[in-house]
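As structure tokens, the structure follows; a few thoughts come after it.
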Amino acid sequence: MEARIYSVGDDDADVDDAYYDDTLEGAQRPAHQKHQKRRLPQCLIIGVRKGGTRALLEFLNLHPNIAAEKKEMHFFDDEVNYNRGLEFYRKRMPYSYEDQVTLEKTPAYFVEEVVPGRVSAMNSSIKLILILRDPVERAISDYMQIYTTRHERGKTHETFENLAFDAMTGDVNKSYKAIRRSIYHRHMERWLEHFPLHQFHFVSAENLVQNPVEELRKVEDFLQIDHRLTQDHFYFNQTRGFYCMHLQHRQKCLAPSKGRAHIPIDQDVIYKLREFFRPHNQEMYELVGMNFGWP
Ligand SMILES: Nc1ncnc2c1ncn2[C@@H]1O[C@H](COP(=O)(O)OS(=O)(=O)O)[C@@H](OP(=O)(O)O)[C@H]1O
């Protein structure tokens with residue numbers, strides 16, 4: 001079996017297709033300088049898929065005290081990678097100074113059952129960041145990712161409605177991955193068997209889109225690093241409809257696959273999904289002590 005680190009994978013790829021092999025800019029310092037070494041991550045962005053994990057990682061990487069690995073490593077969820085051991089993982093982390101937090105993001109970590117125990121075995125005091133998005137929007141975004149990949153390969157694809165609802169009963173299809181991944185409390189309960197709540201920080205996906213600096217400030221506090229990310233690092237790009245970054249010598253937006261137009265979905269379908277997710281959302285709010293205000 002092939003390891004999945006650098007490839008986009010199959011239709012249901014958990015691999016972030018927006019990874020750019022871009023040189024680290026801004027906060028990153030040259031790798032050959034003394035005192036730099038590759039370290040295991042002290043913080044992981046564990047999910048959620050389609051929650052804005054790439055934006056969060058890229059934005060945090062502008063901070064001088066953060067060294068972020070840009071590729072999704074799929075270390076804890078992929079058997080081949082995991083069996084290669086921690087040295088394999090460490091060697092794939094970026095060079096960092098002692099005062100930098102090494103950060104990795106793989107959104108599949110949140111939902112794969114084996115992951116929390118494995119992360120805990122590496123470092124039981126690691127910091128964990130989870131960016132959460134309205135589960136209905138997230139499910140549609142998840143569908144869009146797979147739909148777009150298939151469309152680009154000239155393949156046909158089921159409609160969202162056919163996948164999201166049982167054809168016989170009309171009930172929400174809980175075994176459809178895009179739905180299952182959005183039932184956040186189920187996955188969170190598993191993580192809480194291995195880590196206390198204070199080791200998690202929750203980011204509101206909606207607020208990261210609207211007020212990146214405000215959300216990033218809370219992450220800086222969680223990581224106990226200075227407030228260095230300011231409005232000067234960002235500008236709103238009207239065409240993209242998202243904040244983009246000011247780097248040292250240029251501006252950078254995320255890849256076009258981030259912020260895709262979603263196919264129109266019937267309001268009845270949205271209503272049924274909202275009804276389905278409401279109690280699950282409530283359970284998540286109670287579990288983590290935070291109300292995300294999803295409709
Ligand atoms: N600044 C900025 N620029 C572009 N896109 C942004 C930004 N902030 C958040 N987002 C949202 O990120 C969504 C993709 O989430 P992820 O990066 O977690 O996707 S992935 O799981 O890694 O594939 C993506 O979801 P879709 O809009 O559904 O494509 C975006 O809404």
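The values are calculated or read from the model by the stated rules, or taken from the named source; none is laboratory data. It should be emphasised that the depicted structure is a prediction, and the values quoted were computed from it without experimental measurement. When we count neighbours, we look across all protein chains shown, and the Cβ atoms used for this are built from the backbone with ideal geometry, even at glycine. Each accessible area value is taken on the protein alone, full model and side chains, heavy atoms only, with ligands, DNA and RNA left out. Shrake-Rupley method; radii C 1.70, N 1.55, O 1.52, S 1.80 Å.
I need the shape label for region 2-288. Rule: rounded when a/c is under 1.5, else prolate if a/b > b/c, else oblate, with a, b, c from the alpha carbon gyration tensor. Provide the component values of the computation, followed by the final result.
Values: a/c = 1.59, a/b = 1.41, b/c = 1.13.
It is prolate, given that a/c is not under 1.5 and a/b is the larger ratio.
Starting from the Cα gyration tensor of region 187-295, take the square roots of the eigenvalues, sort them a ≥ b ≥ c, and report rounded, prolate or oblate (rounded when a/c is under 1.5, otherwise prolate if a/b is larger than b/c, else oblate). Show your work: numbers first, answer last.
Details: a/c = 2.66, a/b = 1.19, b/c = 2.23.
The shape class here is oblate.
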Gaussian network model of the chain, Cα within-10 Å springs - most flexible of N207, N123, N83: N83
Relative contact order (%) - criterion: Cα under 8 Å, at least six apart; region: the chain: 20
Among Y95, L254, I225, whose Cα lies farthest out toward the positive end of the dipole of region 2-288, if unit charges sit on the beta carbon of Lys, Arg (+1) and Asp, Glu (-1)? Y95
Honestly region 106-183 on the Cα gyration tensor test (a ≥ b ≥ c root eigenvalues; a/c under 1.5 rounded, otherwise a/b vs b/c for prolate or oblate) is just prolate
Work out the length of the dipole vector of the chain about its Cα centre, built from +1 on the beta-carbon of each Lys and Arg and -1 on the beta-carbon of each Asp and Glu, and round it to the nearest 20 debye. 800
For region 138-170 versus region 264-289, the gap between their alpha-carbon centres in whole angstrom: 19
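Using a 1.4 Å probe, what is the accessible area per residue for the chain, in Å²?
Details: 14120 Å² over 295 residues.
Ligands and nucleic acids excluded, the figure is 48 Å² per residue.
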Please work out the Cα center distance from region 201-221 to region 39-87, rounded to the nearest Å. 18
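Would you mind telling me the antiparallel percentage of the DSSP bridges in the chain, rounded to 5? Could you put the intermediate results ahead of the total?
Working: 9 of 24 bridges.
Within the chain, antiparallel bridges account for around 40 percent of the total.
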Mind checking which of H198, T239, L40 is farthest towards the positive end of the chain's charge dipole, using Cβ charges of +1 (Lys, Arg) and -1 (Asp, Glu) about the Cα centre? L40
Report in % the part of the accessible area of region 2-288 that belongs to carbon and sulfur, leaving out ligands and nucleic acids; probe 1.4 Å. 49
Give the lysines reachable from K155 as a straight Cα distance under 20 Å; neighbours fewer than 8 places away on the same chain don't count. K177
